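For reference, the structure discussed in these notes is given below.
The values are calculated or read from the model by the stated rules, or taken from the named source; none is laboratory data. This one's a predicted model, so the numbers in the text were calculated from it and none came from an experiment. With ideal geometry, Cβ positions are generated from the backbone for all residues, glycine too; neighbour counts draw on all protein chains shown.
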Amino acid sequence: MIQLTENERTQLRRAASGLTGTEFARLPYTSQQLHLDDINEVIDNLFKTHPEAFITRAVNQWKEKQRNREAYSRPQGEHHGE
Amino acid sequence: MFSVLVKADIVEYCKYLLRRANFGKRDQANGSPDEQLTGLIGQQTLLDIFHKPLMVYENGFDGGVDLEINKYTYDVKTMGRTTDPLDHYVNNLIALQANYKVDRYIFCSLNKNTDQLTICGWISKVRFFDEANKYEKGIKRFRTDGTYFETKADLYEIENSKLNQASNIVEFKQQLEGILDDSTNGKRTYSIT
């Protein structure tokens, strides 16, 4: 197990507690996505700071996800298809 | 048998994985959340002992969960208890899980009061089915304290005393990392100390 910093430990505890699966399922879709983004940030940070702690396949998938996120992200206020 | 203290970070990490997985699937996976957490803690602690990569969430827990040591694949089975296990305690395996393609099983017991994970022992799959007792669905299984539960599916049970055991981490790692002569096909070659 990697040595977590106090900040990482706090983030992990926060992400590991809170809404239950049932409560999450009741949220509107956009709120679910925001919530997932919030708790995914924890694992994103761990991938950034401790890539050696994960299997190569997982790290590569995470990198691809980051690239896609950058490629497809839109500036605030920009609208398409309207 | 020997015990290790489960690291607090491992517990939090497993809780996180479980929460993330349940959110992703939007329904509850098999087993209660408590049973799932117990299983994850056992698996992650074993991975930690062997300095293997962390489990990750990838449409389930298939990313790096399988423990592979010295070309053998392992299925880690962890039972949650409120006491430490004894030699006559049994480990369960649901018959449906018997088809999983693994070479060996590692059975563990998590004492939820002390956060101690006891590695009860390991056994090859072939030998497991020689040694285990099979109980059909619907049979009452009595515990040593007199309580019982009714099997919801066909079930295999094996006593701790029939497993290959180690008395400490070093011995356990030696057994799994290849010191053991496997010409015995996983038969017990170590005495219980």
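Taking the options A:Ile55, A:Ile39, name whichever one is facing chain B (nearest Cβ under 8 Å) and closer than 21 Å to B:Leu47 by Cβ.
On the way: A:Ile39 fails: closer than 21 Å to B:Leu47 by Cβ.
None of the other options fit; the residue is A:Ile55.
If you take the residues in region A:19-28 that are within 11 Å of another protein chain (Cβ to nearest Cβ) and out of contact with any Phe, Trp or Tyr (no Cβ under 9 Å at 6 or more places or on another chain), which one is nearest to B:Leu37 (Cα to Cα)? Even if it seems obvious, please write down each step before you answer.
Pass one, region A:19-28, residues within 11 Å of another protein chain (Cβ to nearest Cβ): A:19-27.
From what's left, out of contact with any Phe, Trp or Tyr (no Cβ under 9 Å at 6 or more places or on another chain): A:20, A:22-23, A:26-27.
Working: A:Thr20: 14, A:Thr22: 17, A:Glu23: 19, A:Arg26: 23, A:Leu27: 24 Å.
Filtering region A:19-28 for residues that are within 11 Å of another protein chain (Cβ to nearest Cβ) and out of contact with any Phe, Trp or Tyr (no Cβ under 9 Å at 6 or more places or on another chain), the one nearest to B:Leu37 (Cα to Cα) comes out as A:Thr20.
Answer yes or no: is there a residue in region B:47-63 that is touching a Cys at 6+ places or on another chain (Cβ under 9 Å), modelled with pLDDT of 90 or more and within 14 Å of chain A (Cβ to nearest Cβ).
no
Here are B:Leu67, B:Leu17: which of them is more than 8 Å from chain A (Cβ to nearest Cβ), within 20 Å of B:Ile169 (Cβ to Cβ) and modelled with pLDDT under 90? Full working, then the answer.
Numbers: B:Leu17 fails: within 20 Å of B:Ile169 (Cβ to Cβ).
One residue alone meets the criteria, B:Leu67.
Within region B:119-137, is even one residue surrounded by fewer than 21 Cβ atoms within 10 Å (Cβ to Cβ), touching a residue at least 12 places away in the same chain (Cβ under 8 Å) and assigned to a loop (DSSP other than H, G, I, E, B)?
The answer is yes; a qualifying residue exists.
Could you please find all residues in region B:115-160 being out of contact with any Gly (no Cβ under 6 Å at 6 or more places or on another chain), hydroxyl-bearing (Ser, Thr, Tyr) and modelled with pLDDT under 95?
Answer for region B:115-160, where residues must be out of contact with any Gly (no Cβ under 6 Å at 6 or more places or on another chain), hydroxyl-bearing (Ser, Thr, Tyr) and modelled with pLDDT under 95: B:Tyr135, B:Thr144, B:Thr147, B:Tyr148, B:Thr151, B:Tyr156.
Can you tell me which residues in region A:24-43 are among the hydrophobic types (A, V, I, L, M, F, W, C) and either in contact (Cβ under 8 Å) with a residue 12 or more places away in the chain or within 20 Å of A:Asn7 (Cβ to Cβ) (or both)?
A:Ile39, A:Val42, A:Ile43
Against the conditions (1) on the phi > 0 side of the Ramachandran plot; (2) in contact with a Pro (Cβ under 9 Å, 6 or more places away or on another chain), where does B:Gly121 fall short? Just the number, please.
B:Gly121 satisfies all of (1) on the phi > 0 side of the Ramachandran plot; (2) in contact with a Pro (Cβ under 9 Å, 6 or more places away or on another chain) except (2).
Inspect region A:60-77 for any residue being within 10 Å of chain B (Cβ to nearest Cβ) and of a type outside the set (Lys, Arg) and give the result as yes or no.
Within region A:60-77, one or more residues are within 10 Å of chain B (Cβ to nearest Cβ) and of a type outside the set (Lys, Arg).
Could you tell me which of the residues B:Phe107, B:Phe149 is more than 23 Å from B:Ser3 (Cα to Cα) and out of contact with any His (no Cβ under 7 Å at 6 or more places or on another chain)?
Exactly one of B:Phe107, B:Phe149 is more than 23 Å from B:Ser3 (Cα to Cα) and out of contact with any His (no Cβ under 7 Å at 6 or more places or on another chain), namely B:Phe149.
Starting from region B:75-88, keep only residues that are without any contact (Cβ under 8 Å) to a residue 60 or more places away in the chain, then list their pairs with residues that are basic (Lys, Arg) and not in a strand (DSSP E or B) whose Cβ atoms are within a distance under 9 Å, requiring at least 6 positions of separation or different chains.
Qualifying pairs under 9 Å: B:Asp75/B:Lys125; B:Gly80/B:Lys112; B:Arg81/B:Lys112; B:Thr82/B:Lys112.
Looking only at region B:89-110, which residues are free of Cβ contacts under 8 Å to residues at least 60 places away in the same chain and among the polar types (S, T, N, Q)?
B:Gln97, B:Asn99, B:Ser109
Counting only residues that are in contact (Cβ under 8 Å) with a residue 24 or more places away in the chain, within 16 Å of the chain's Cα centre (by Cα) and assigned to a helix (DSSP H, G or I), how many does region A:44-76 have?
So the count comes out to 3.
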